Amino acid sequence: MDDVVNLMSRRPPLDQVLAVAGELSAEIIAIAKALHSDPEISLQEMKSAELVSGLLARGGFAVQRGLAGLESSFCAEWGSGVPSIALIVEMDALPVLGHACGHNIIAAASAGAALILRRLLNEDTARIVVMGTPAEELGIGKIEMIKAGCFADIDFAMMVHPSSRRQVIKQFLGLAKIRFTFHGKPSHAAAYPEEGINALDGVIQTFNAVNAMRQQLRQDVRIHGIITEGGVAPNIIPARAACYFYVRADDLQELEQARERLKGCAAGAALATGCRLETEEDPRIIAPLKILRSFYRVYSEQVARLGLEEARTPGDRNKGSSDIGNLSQELPTIHPHVPIGEGINIHTEGFAMATVSTRGEEATVEGATLLAMTALELIFSPPLREEIIREFHEKDNNLY
Ligand SMILES: [Zn+2]
Ligand SMILES: [Zn+2]
């Protein structure tokens, strides 16, 4: 009991948290702006990693670079004790569009939260780890870093993502990627068509079979693909054609079934056209986000303490996928959204611009502050940590 009283007496009051966040706000915004002005795509986030981890190193964090065989990954840690809290940094931009997913804000908010906590805590109160996870857009960084054991001694993980709305809970779909290559036989398309085997027909039949199947798919399932190879000239029967599909679903069981049915469509198309089918499945399955109400409640309470209002958009609308889903299956994780402008959707030029607008700056500081406040709740309330961990273990595992 004395320990709890002692712990509570060391808990920084809200006005102190806000004062520190205010003092650091210019530095936090500067991170988002610096990344925005020099966007780097997935797996090439070297300068971004240098910038964020360098800042944390100067702030007293012990930095390791290049974990899990990923050059642009990093880990920056400070403090000791229980709990270990990971603040997730994403850094990758999109080709051509720059920071149209706003990962510059993610990096600034997580690094900013870490710097705020560093100023508020004693070194032995908790362990704060900023994890630089590359290539979110390709679904690589977190999956590889989990595999390499980077999160093995982390108790809780947090990040915020910019969005058009302040949506605290939003679901993410599981995602599997699969490529089909059809091998046929070339022939003159007019003179000797009967001697050819048309690989493009294999691809077209696959799409037709998938489209026929849609009616019998569960509502949350998404199957969408592109043709990546379709022959070389109209007067040659295509000897080779290829397509690339994403399959998504709310849970891994449904995802697995949808993926098998998609493979069935391609196999049927190969049989119908006489082609040989080659199938290549990406071993990195992106897991759906495991949503822990108790953990999100803590974040929501901090939103209310700041006098901010949550968007009441249902959490199951407009869902994408992210490798944060994989992390959420490993340990309690939250991924709430901070608002940078109503009606501005991610992966657009407008969104990239909005990340450095006045609204974008406010969202960046809001994210850093809310993450720091949420971390303080976890650090100074052992029963809360137990509740979240209990929910994590009770929740049926969509394990992959
Ligand atoms: Zn994105
Ligand atoms: Zn993103």
With just the Cα atoms defining each centre, how far is the stretch 76-95 from the stretch 337-400? Give it in Å.
13 Å
Cα lying deepest toward the dipole's positive end in the chain, options ALA209, MET353, LEU255, charges on Cβ
ALA209
Using Cα springs under 10 Å in a Gaussian network model of the chain, which residue among ALA49, ALA191, ALA239 shows the largest mean-square fluctuation?
ALA191
Relative contact order of the stretch 266-345, defined on C-alpha pairs under 8 angstrom at six or more residues apart (%):
39 percent
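Can you sort ARG127, ARG11, ARG276 by 1.4 Å-probe accessible area, starting with the largest?
The residues order as ARG276, ARG11, ARG127, largest area first.
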Taking the Cα centre as origin and putting +1 on Lys and Arg beta-carbons and -1 on Asp and Glu beta-carbons, what dipole magnitude results for the stretch 34-115, to the nearest 20 debye?
200 debye
Kindly write out, for the stretch 71-86 in residue order, the coupling ³J(HN,Hα) from the Karplus curve 6.51 cos²θ - 1.76 cosθ + 1.60 (θ = phi - 60°), rounded to whole Hz, with x marking Gly and Pro.
4, 8, 7, 7, 9, 10, 10, 8, x, 9, x, 10, x, 9, 10, 9
Please give the peptides 128-138, 63-73 ranked by average Cβ packing (other Cβ atoms within 10 Å per residue), highest first, as a rough proxy for protection.
128-138, 63-73
Expected sort for 374-381, 99-106 on mean C-beta neighbours within 10 Å, highest first, is 99-106, 374-381
From the Cα centre of the stretch 1-72 to that of the stretch 194-217, the distance in Å is 50 Å
Just to confirm the filter: which trypsin sites (Lys or Arg not before Pro) across the stretch 174-242 are DSSP coil and have at most 12 other Cβ within 10 angstrom of their Cβ?
ARG218
Along the stretch 383-389, what does the Karplus equation 6.51 cos²θ - 1.76 cosθ + 1.60 (θ = phi - 60°) give for ³J(HN,Hα), rounded to whole Hz, x for Gly and Pro?
x, 5, 4, 5, 4, 5, 5
Suppose we keep just the DSSP beta bridges with both residues in the chain; what percent of those would be antiparallel, to 5?
70 percent
What ³J(HN,Hα) values, in whole Hz, does the Karplus curve 6.51 cos²θ - 1.76 cosθ + 1.60 give for the stretch 206-220 when θ = phi - 60°, with x put for Gly and Pro?
4, 4, 5, 5, 4, 5, 5, 6, 3, 4, 9, 8, 5, 4, 7
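Take the residue pairs LYS33/LYS319; LYS142/LYS395; LYS185/LYS319; LYS177/LYS395 and return only those whose Cα atoms are more than 29 Å apart.
On the way: LYS33/LYS319 27 Å; LYS142/LYS395 22 Å; LYS185/LYS319 41 Å; LYS177/LYS395 26 Å.
Exceeds cut-off: LYS185/LYS319.
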Taking the dipole of the chain about the Cα centre (Lys, Arg +1; Asp, Glu -1; charges at Cβ), the one of GLN219, ALA109, TYR192 that reaches farthest to the positive side is TYR192
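For a test of the definition: using alpha carbon positions, the gyration tensor, and the 1.5 limit on a/c, classify the stretch 174-281 as rounded, prolate or oblate.
prolate
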Taking the chain as a Gaussian network, Cα atoms linked when under 10 Å apart, which of PRO336, PRO162, PRO95 shows the biggest mean-square fluctuation?
PRO95
Restricting attention to the stretch 316-379, which trypsin sites (Lys or Arg not before Pro) occupy a DSSP loop and are surrounded by at most 14 other Cβ atoms within 10 Å?
ARG317
Report in % the part of the accessible area of the chain that belongs to carbon and sulfur, leaving out ligands and nucleic acids; probe 1.4 Å.
51 percent
Taking Lys and Arg as +1 and Asp and Glu as -1, residues besides PHE380 with C-beta under 9 Å from its C-beta add up to +1
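Starting from the eigenvalues of the Cα gyration tensor, five times each then square-rooted, give me the equivalent ellipsoid semi-axes of the chain, largest first, whole Å.
45, 22, 18
Given a 1.4 angstrom probe, what's the average accessible area per residue across the chain, in square angstrom?
Value for the chain: 42 Å² per residue.
Can you give the calculated 222 nm mean residue ellipticity of the chain, where each DSSP H run of n ≥ 4 adds -39,500 (n - 2.57) and the sum is split over every residue, rounded to the nearest 500 deg cm²/dmol?
Computed ellipticity for the chain at 222 nm equals -13500 deg cm²/dmol.
The values are calculated or read from the model by the stated rules, or taken from the named source; none is laboratory data. Being a predicted model, the structure only gives us computed values, none of them experimental. Quick reminder, even Gly has a Cβ in these numbers, built from the backbone with ideal geometry, and neighbours come from all protein chains shown. Heavy atoms of the whole protein, side chains included, go into the accessibility calculation; ligands, DNA and RNA do not. Shrake-Rupley method; radii C 1.70, N 1.55, O 1.52, S 1.80 Å.
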